Structures are given as C-alpha cells and as structure tokens.
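S.K.: Got a structure for you, written out below as structure tokens; questions coming shortly.
No lab work stands behind these numbers, since they all come straight from the coordinates. Quantities reported herein were computed from a predicted structural model and do not represent experimental measurements. Here the Cβ positions follow ideal geometry from the backbone for every residue, glycine too, while neighbour counts run over all protein chains shown.
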Amino acid sequence: MAQPTTDTSAEDALVNAARAGDRSAFGLLYDRYARMVHGILLCRVPPREVDDLVQEVFLLALRKLDSLRDISRFGAWLSTITRNRANDYFRRSDSLDRATDPEAEELAESRTNDHVVEQEAAMTLAVLRTLPETYREPLTLRLVEGMTGPEIAMRIGLTHGSVRVNLHRGMQMLREKLAERVQGNLPEKTLGAE
Amino acid sequence: MKDDYLWDGSGEPDPEVQKLENLLGRYRHDQPAPAFDQLSEERPAPRWGFASFRFSFQIAAVAAVLLIGVAAFLIIRARLASNAGPAWEIARIEGAPRVGWHSLSANSETAKLKVGQTLVTDNTSRASITLDETGRIEVDAASRLRVVASRPGHERLSLERGTIHATIWAPPGEFVVDTPSAVAVDLGCVYTLHVDDSGAGLLRTTMGWVGFKLNGRESFIPAGAVCATRPKIGPGTPYLEDAPTSFRDALTKFDFAKITPQERNVLLGILLVDARKEDALTLWHLLSRVSDTDRPGVYDRLAALAPPPKDVTSEGVLHLDQKMLDSWWNSLGYGDVYLWHVYERTWSEK
C-alpha cells in the first residue's frame, strides 16, 4: 500500500524549501508532524513536559535540517531526534529511574484532580505507557493523537505491515492490562523490562 | 485480524477503541506552530543596504587592514593548533583523573579534553566529560579515552581500555567510539562500552540502539541487548541480556571459538531450539552469518517466532536480499535500519 506519489512529492518539496530557508515551509512541516512528535514524547516523558519538548524538537530539527541527507526520510529522521530528546529529558532531570516509573508519576498527577474521567484517562495513559516501546508508540499515535495506521507508517517511515501488527498486538496487550487493572490485579511495571 | 477500525477508522467501529480514543484524546496535541518566520528575523544577520553603506574610504581602508590581520591570525592559529574544534569539558568524579601531566584533584576543578588528548583514570579515579551539543560520558576507573575528532556534527573518541557510560543526545550517527575490535556508532541512545586489556569489548544498550561494526561485519544492539566484540573478528551476534544461559554460551562459542564445522552445527542447533520469541533479534543477525546450507533452518525458526512482513519472501531472505532483510528488521520494532545505512555511510566518509 504505497502512499500517493503526490503527497510524498509535495512533502519532499516542503522539506527542500525548508532546507533552503523557507520558514513557512517548515511551519507546514510542523503542522504535518507535530502530532507524531507529541505522541512519541507523550509515551516517554511526563505529559506536563511534552508541549515544551515538542517546540524544542522542532527548533533542533530546524537547526540540523542540513544534516538530513535523504529528504524522503524526514519523518524517520525527525522521530529519531524526538526519541533522543526524550532520552535527553531524563538525563537533564538526572533521574533515569523515572523512565521506569511513568505509572507512579501519572498516578501522582491524577491525585490532584477529582474528576473521575480525568482520573480514568490518566490511569489509562499510565497503563498504555507500560507497554513495550514497540507497541506503545504506534498505539499512542493512534489512540491519543488520532492518526490512522497508514498515516503512522508514512510519518515514522515504517511499513504498513509492521505498524498494523504492532497496533493489533499492542491493543491486545492494552486490553489485557486494563482488564487486570479493573480486577485490581495490575502486575509489576514492565516498561524497563522491554 | 478484524481490526480495520483500529487500523484506519474504517469498518464497524470497535466500541472499546472508540472509548479509548475519547478518553485519551484529551492529551492530543493542540499547540499552534511557533512563529518560525519571526525566529529567522531574530537571527543576528546584519543586512547592509546601499543606504547604510556610506562611510569614508579611510575607514574602509582601516577596516580592510584589520580584516586582513585578523584573517591571517586566524589562519595561522588554525594551522598551529592541531586541537582545534569543540572541546569536551572534563569533571572529576573521584580520585585524580589526568590529561597528560595535568591531574584533576579537586571537585571544583575542570579541564578541557581536546583533539589528540587522552583522559586517563587509574584504579581509584573516575571522571565525566560533557559536550553540550553531543552528550555526557562517564569514564570509569582504569580507562583510557582519547578524542580523535571533534567538529560540529562529528565527534569521534577512542576507548583504548576501560569502561564508559554514554548518554548521547546528538542526532544519530554523529557520535562514534573506536575500540581495538569494533566501532560503535550511536543511533540515539544510552549505552555502556567496556574494553579489556586484550582489546575485546562488550557493549550494553540501555535506551535506543547502537550500531557496531568492523570490516563489514555489523551488529545492531537495541535497548536491553548486549554484544561482545573481539580483535580481528569484530562484533559478535547481539543477544538480549535475559536470554537463557545455554543460549548465550552457545552464541559466544559460535561467534568466537575455534571450532569444527560439526561443532558449529551443534551450536547452531542449540541456538535455534533455545531461542525464544524475543530472541528474534539474534536470529535475524544469524541469517547473514551462517552458511547457505544452514540459512533455511535459521529462516524457518525466525519466521516461526517473528513472522516476516508481507513484502519479505523466503527466497529473497535465503539470497540475503538487503531490502528484505531490512524490512524484516524494521518489523521487529527495534528501530529503522535505514538510519544505520545513512549514518554508517556518513561517518565512514568522515
């Protein structure tokens, strides 16, 4: 299932224009990729930090755009920069342990909010973030950011097959973990044990 | 798989997926684009038009002389200074790490580590080095770490012996560490690299992934995996740290021991039988490391544990079709191998 040529060539043109210094073209790339960057960050760092980090990622990408050799891989390149930035977040906060405990963090945040739905959302996000990285990322892009599977594949630069399999398996795992939570039997956190 | 709705929103809506979409949609990105246009205007880019270009010939002459003088000074200095380029900031952690004759013995003391210089720690000292645009590296006791190259977009160190813990935030492919038995290329990660006195190495990735290469032999080491390396042989086959002992022992002998073809067959048998689903990482690497005769067995076992994507055929894999191998690797979810191909070429050229 190849992507429409017109879409990819339009995007290549945007990347080319942005590399040539056209900031409005870079703004259009932001519009296309901001949800991807946001989703990749959201499944790794605390939600309150994500918006600032999204801006940082795009500013870094703007500075480094000249180092992108194959413009057709802008999405894969940007997603790697984003994951690096998430890693960097934990380095700067001097607490790698936090990467293994997103659930406690989400729970702590949700305690300040009495609204039941907000709490349920925070709990669900926390469970989603305990999934292995392979599943957590596409599932966050699908369920939180509202991207479709083909869109995720195109943006991140993966095949439709692998994204579809990971969405399917990730959803299965998420269902199981949410069911365990309902039964009050959530097992040990597994993020660090991928 | 009846997951059309999950895949692209088509088909009969899955109530559970819909509920999750509604619940989690509150975290969706909703920030407008920053003013990138204004950002460019804020850049210090002086633009002189003809209207502002009215000054006397005397001032112009003085400016020209000064400019030539400064340029000459910079050129001479650049030629004399072999250690030009960004310098790593050294901070002492304990003991008295040293660079040349200079030892850092106080906590507050810092120093620069420049191209050609070597940071040495003895059995009781440790240090860290940091470069703002690249990352931070902790250097354990009994280590020797030299800066081979340092310029924007390319940092290259050489770990001659000892252990480093690297946290790299530079873009993939910009940070490279040479060892006596392999070259480690950062692909966005946190990792530990150890080199013993014989030059043998061990790389352990904590986050992201690392590429390891020597003489055309390549290994990709994602988070949770380990890869050993030996002088004159290069990187072995990576494996997950929690792999069964029998699997790990068999792999070490398979990679590095001097063994007969029969013994090699036995070891391969152990690897295929003991491999778990998550050991697809190892089996994928073995595809290109076994003989043509052994490859179908590895293919079958890997396909049973991690079915290949639709665009991958057994015939293609058995002939080591690079695109199909790449596609299968990408389906394992460890990272886009395309990045490796791009950046491996990039640093190889540097």
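S.K.: Got a sec to turn the phi values of the stretch A:161-176 into Karplus ³J(HN,Hα) couplings, 6.51 cos²θ - 1.76 cosθ + 1.60 with θ = phi - 60°, whole Hz, x for Gly and Pro?
M.R.: Those phi angles translate into x, 5, 5, 5, 4, 5, 5, 5, 5, x, 5, 4, 5, 5, 4, 4 Hz.
S.K.: Kindly provide log₁₀ I(q)/I(0) values, in the same order as q = 0.10, 0.11, 0.21, 0.22 Å⁻¹, from the Debye equation applied to equal alpha-carbon scatterers of the stretch B:221-350.
M.R.: Log10 of I(q)/I(0), two decimals: -0.32, -0.39, -1.39, -1.48.
S.K.: Right, next: Looking at the stretch B:246-295, which trypsin sites (Lys or Arg not before Pro) are DSSP coil and have at most 11 other C-beta atoms within 10 Å of their C-beta?
M.R.: Answer by residue number: B:Lys258.
S.K.: Please quote Rg/Rh for the stretch A:29-74 to two decimal places, taking the Kirkwood radius as Rh and restricting both calculations to Cα atoms.
M.R.: 1.00
S.K.: Taking K and R as +1 and D and E as -1, what net charge do the other residues with C-beta under 9 Å from the C-beta of B:Gly95 add up to?
M.R.: Residues close to B:Gly95 contribute a combined charge of 0.
S.K.: Shifting gears a bit: Which residues in the stretch B:195-221 place their backbone N less than 17 Å from a point set 7 Å from the Cα of B:Thr252 along the Cα-to-Cβ direction?
M.R.: B:195-204
S.K.: For B:Asp197 and B:Ser291, FRET efficiency with R0 = 30 Å and r from the beta-carbon atoms, rounded to 0.05?
M.R.: FRET efficiency, B:Ser291 to B:Asp197: 0.35.
S.K.: Same structure, new question: Extending each Cα 7 Å along its Cβ direction at B:Ala63 and A:Arg48, get the distance between those two points in nm, one decimal.
M.R.: Spacing of the two 7 Å Cα→Cβ label points: 5.2 nm.
S.K.: Hey, another quick one. Sorting A:Asp66, A:Asp88, A:Asp51 on the 10 Å Cβ count, fewest up front, what's the list?
M.R.: Ascending number of Cβ neighbours within 10 Å: A:Asp66, A:Asp51, A:Asp88.
S.K.: Between B:Gln262 and A:Gln172, how many nm apart are label points set 7 Å from Cα along the C-beta direction?
M.R.: It is 4.3 nm.
S.K.: Hey, another quick one. Over 25 Å between Cα atoms, which of B:Lys213/B:Lys253; A:Lys177/B:Lys310; B:Lys258/B:Lys323; B:Lys253/B:Lys310; A:Lys64/B:Lys232 qualify?
M.R.: Check vs 25 Å cut-off fails for A:Lys177/B:Lys310; B:Lys258/B:Lys323; B:Lys253/B:Lys310; A:Lys64/B:Lys232.
S.K.: Report the label-to-label distance for B:Val273 and B:Ala303 in nanometres (one decimal), using points 7 Å from each Cα along the Cα→Cβ vector.
M.R.: 2.3 nm
S.K.: A follow-up question, please. In terms of modelled amide H atoms, which long-range or inter-chain residues lie less than 5 Å from the amide H of B:Gly236?
M.R.: HN-HN under 5 Å from B:Gly236: B:Ala228, B:Thr229, B:Arg230.
S.K.: How much net charge surrounds A:Thr82 when only the other residues with a Cβ under 12 Å from the Cβ of A:Thr82 are counted, with Lys and Arg +1 and Asp and Glu -1?
M.R.: So the environment of A:Thr82 carries a net charge of +2.
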